[in-house]
Structures are given as structure tokens and as C-alpha cells.
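The values are calculated or read from the model by the stated rules, or taken from the named source; none is laboratory data. For clarity, every value in this text was computed on a predicted model and none was experimentally measured. Note that we place each Cβ from the backbone using ideal geometry, even for glycine, and neighbour counts take in every protein chain shown.
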Amino acid sequence: MKNLNHLIDLNDFGKSQWDEIINLGEKIMDNPHIYEASCRGKIMGTLFYEPSTRTQMSFQSAMLRLGGGIIGFDNPTASSVMKGESLKDTTKTVSGYSDIMVMRHPVAGSVKAAALTADCPIINAGDGGHLHPTQTLTDMLTLHKEKGRLTGLKIGICGDLKYGRTVHSLVKALSCYEGNSFVFISTEELQMPEYITAPLEKWSKSDSIDEVIGGLDVLYMTRIQKERFASEAEYEKQASRYILDAEKMKKAGDDLIVMHPLPRLNEIDVAVDSDPRALYFKQAHYGMYVRMALILIILNYNITPPVLLKGEAQDGDGGIKCKNENCILQKEPHLPHSFIIKGGVATCEYCESRQCI
Ligand code: CP
């Protein structure tokens, strides 16, 4: 991989850089005119292999508001992808036309794979059910702006905790700030994966919003990810299980804020929208400022390379192959297999599936 400032996983940047992005996002929000020509002459390529409203348009709006230009597609069937062009060839080509690229793709590890050969920095705008780091930065800016801190918060997360990539990244990030605790509200089938909960110090689970809402600072609602279920029948079993409505909001404190990455289906009743504690549309708006900050920092500043966490060691393939059939490694055989080895467990660097070795 070239030494470019890619953002694939939030951990590609250190915590101090997350804070830098959030602080710059807030500065831009306060004085947007100062930054309106900061990216004049720069081009952002947006490659959306999967549908998006907020991420795609907030990135495009961010670049336009910084004085730059945009190219790209939001429908790969209108590009040479339709003729069978590989991910590698498309992203390599577009990176030659762009100063920075933003990519969403349905397959875990695909943005990391694209970064291996890209000639410009690339930002992960969501890779399957895996990661969505700029949503997490959006959520962190929203929390910081609205709560005044990223520490000492009790955060309830409700809905599809198994497939919801936004909440996986959010929990990982907020656990790096002191004093945060988590309440995971879900059905048995859609619980938070063990690899997310295992490193956490303070967390609990519940199957009821009513039972826990009164003690929360933040309630983060999520959509049941229909597109990730094997069948309609499996999805229907989970749909409509958790709906936040005005009755439930009566049990919440005055300081609660309700967040949602959107799009929502029916998990938040529209009657809640007029409640001043409902922050989700503001959250989507804040996403544009955090992406403006991210573009500026990636294009202008030197981000120091990631530091591996204590106790981890990086390895080559060592004969290990990823077994996740939804991993990009199964679809792009030219890619090198790469793992983080820790305590007898190998974690795929593309999709984070784990295997004992
Ligand atoms: N929150 C989010 O990623 O929304 P979009 O899918 O509309 O981009």
C-alpha cells in the first residue's frame, strides 16, 4: 500500500487526530466562509457501488463548499463495472483523475483492497456490514457539539447491533474516551458481536427500551439492515420489534439526545421528530462539516501512520487464508492475504473475521 493518508478504519488515525477532525469541523461550522476556497483546483472521486443519500451527498457538498470539484458514479451499472471491470482496475483508474477518493461498496474489505493500488488517498464510505468510519466521526462531532464532551456518557444503542456497521465503529471509538458506558438493546438474534463487547469495560444488555431509557444520556437507534438478511422471512422476524415513540420518550430525561445514522424505516415514530431531544436530522447536517474537516486534513496535513495496539503483531499471510465467504479476498484472488495475529487468533485485515491458528 502506498504511504497515503487513507481512512479505511477509524484506527488508521489516532485519537488525537479524531479530536483534531472534530474540532476543525466545529470551526468550519462556525465560520464556513473562511474555508470556501481551501480546495480550489482539487477533485474528489466518489465511487458509490451501493446506495447512499447522506454519505454521498454530504461528501459532495463538503468538497463543493471547499471550492473543489467532484467526479464519480452512484450507479456502477452506468460505468465500466457493468462490462466486468474489476474493483482494482476501476479504482486505480479513477485515482489517476482524482486528488482524493470516497468509496462505498457492499463487500467487506473492498476499500482497503482499493487502497493497495490507488494513486490518491481513499476514504471508506462504508464497506458492507464492516466499517463506516465517517459516520462515526459524524456521531462524535454530534455528541461533542450537543453534549459538550465525549467522556462520561451512558449510551444506549438499539436495533440491529449484529449487522449495523455504524454502531460497531461508534462503540470502538467511544470506548477510547474515559468513563463511557454502553447499554445494548436488541433481540437475542441481533446482539452486538462478541469481538466488539470483549474489550469493553462497562456495558450491559437489555431487550427493552422502556426499561433503560430513563438512565441514558444518549439513545442511538438503528435500522434493521434488511439488505444483510439471508431471506425476507428472517428479516420480518426482526422488523418492528423496537419502535421509539412519544410514549417511550416520556420516560426519558430532559437531557437525553436521540441519534440515528438514518435512513430510518419505522424504528422512530415521526411524532418524535418534533421533540427537541431528537437530533438525527441535525446529526446528518453535522456530517457535512466533519467531512469538510476530513478532506482538508487528508489533503493538507501529514497524518502519522497507525500504531499497532500493544500486544498485537502484524504478520504476512503465513499460509493462513480468510474463510469468510463475504470477504473481498474471495472475490479478488490477486489480493495478498493479511492478518493481525494476537493470542493464537488471526484477524483478517480486510473483513475482521477471526480464526484460531
Ligand atoms: N448514514 C448513512 O450512511 O446514510 P446513507 O446510507 O444515506 O449514506
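Can you tell which of Leu24, Leu47 is within 16 Å of the ligand (Cβ to nearest atom) and under 20 Å from the mean Cα position of the chain (by Cα)? Answer to the check: Leu47.
Within segment 280-300, is there a residue that is farther than 30 Å from Met249 by Cβ, surrounded by 15 or more Cβ atoms within 10 Å (Cβ to Cβ), modelled with pLDDT under 80 and within 23 Å of the chain's Cα centre (by Cα)? There is no residue in segment 280-300 that is farther than 30 Å from Met249 by Cβ, surrounded by 15 or more Cβ atoms within 10 Å (Cβ to Cβ), modelled with pLDDT under 80 and within 23 Å of the chain's Cα centre (by Cα).
Can you find, within segment 51-80, the residue that is surrounded by the most Cβ atoms within 10 Å (Cβ to Cβ) among those that are in a loop (DSSP other than H, G, I, E, B) and near the ligand (Cβ under 10 Å from one of its atoms)?
Within segment 51-80, the subset in a loop (DSSP other than H, G, I, E, B) is 51-53, 66-68, 74-75, 79.
Now drop any that are not near the ligand (Cβ under 10 Å from one of its atoms), which leaves 51-53.
On the way: Pro51: 13, Ser52: 18, Thr53: 11.
Selected residue: Ser52.
Tally the residues that are within 11 Å of the ligand (Cβ to nearest atom) and buried (at least 19 other Cβ atoms within 10 Å of the Cβ), restricting the search to segment 260-276. Even if it seems obvious, please write down each step before you answer.
If we filter segment 260-276 for residues that are within 11 Å of the ligand (Cβ to nearest atom), which is where we start, we get 260-264.
Narrowing the set further to residues that are buried (at least 19 other Cβ atoms within 10 Å of the Cβ) leaves 260-261.
Adding up the residues that qualify gives 2.
Going through (1) of a type in the set (S, T, N, Q); (2) part of a loop (DSSP other than H, G, I, E, B); (3) more than 18 Å from Gln283 (Cα to Cα) one by one, Thr46 falls short only on (2).
Only residues that are under 24 Å from Leu116 (Cβ atoms) and of a type in the set (A, V, I, L, M, F, W, C): list them for segment 71-94, please.
Kept after step one, since they are under 24 Å from Leu116 (Cβ atoms), are these residues of segment 71-94: 71-74, 76, 79-94.
Of everything in segment 71-94, those that are under 24 Å from Leu116 (Cβ atoms) and of a type in the set (A, V, I, L, M, F, W, C) turn out to be Ile71, Phe73, Val81, Met82, Leu87, Val94.
Selection of segment 47-88 for residues being in contact (Cβ under 8 Å) with a residue 60 or more places away in the chain and of a type in the set (S, T, N, Q) yields Ser52, Thr53, Thr55, Gln56, Ser58, Ser61, Ser86.
Taking the criterion of being in contact with an Asp or Glu (Cβ under 9 Å, 6 or more places away or on another chain), at pLDDT below 95 and buried (at least 16 other Cβ atoms within 10 Å of the Cβ), would at least one residue in segment 190-201 satisfy it?
Applying the first criterion (in contact with an Asp or Glu (Cβ under 9 Å, 6 or more places away or on another chain)) to segment 190-201 yields 190, 195.
Next, only the ones that are at pLDDT below 95 stay: 190, 195.
From what is left, the residues that are buried (at least 16 other Cβ atoms within 10 Å of the Cβ) are 190.
There is at least one residue in segment 190-201 that is in contact with an Asp or Glu (Cβ under 9 Å, 6 or more places away or on another chain), at pLDDT below 95 and buried (at least 16 other Cβ atoms within 10 Å of the Cβ).
Filtering Ala62, Ala114, Ala108 for residues that are closer than 16 Å to Ile8 by Cβ and more than 16 Å from the chain's Cα centre (by Cα) leaves a single hit, Ala114. For Glu211, the conditions (1) out of contact with any strand residue (DSSP E or B) (no Cβ under 7 Å at 6 or more places or on another chain); (2) part of a helix (DSSP H, G or I); (3) buried (at least 20 other Cβ atoms within 10 Å of the Cβ) all hold with the exception of (3). In the set (1) modelled with pLDDT of 95 or more; (2) touching a helix residue (DSSP H, G or I) at 6+ places or on another chain (Cβ under 6 Å), His130 fails one condition alone, (1). Is there a residue being more than 30 Å from Asp19 (Cβ to Cβ), out of contact with any Pro (no Cβ under 8 Å at 6 or more places or on another chain), within 16 Å of the ligand (Cβ to nearest atom) and in contact (Cβ under 8 Å) with a residue 24 or more places away in the chain anywhere in segment 232-255? No, every residue in segment 232-255 fails to be more than 30 Å from Asp19 (Cβ to Cβ), out of contact with any Pro (no Cβ under 8 Å at 6 or more places or on another chain), within 16 Å of the ligand (Cβ to nearest atom) and in contact (Cβ under 8 Å) with a residue 24 or more places away in the chain.
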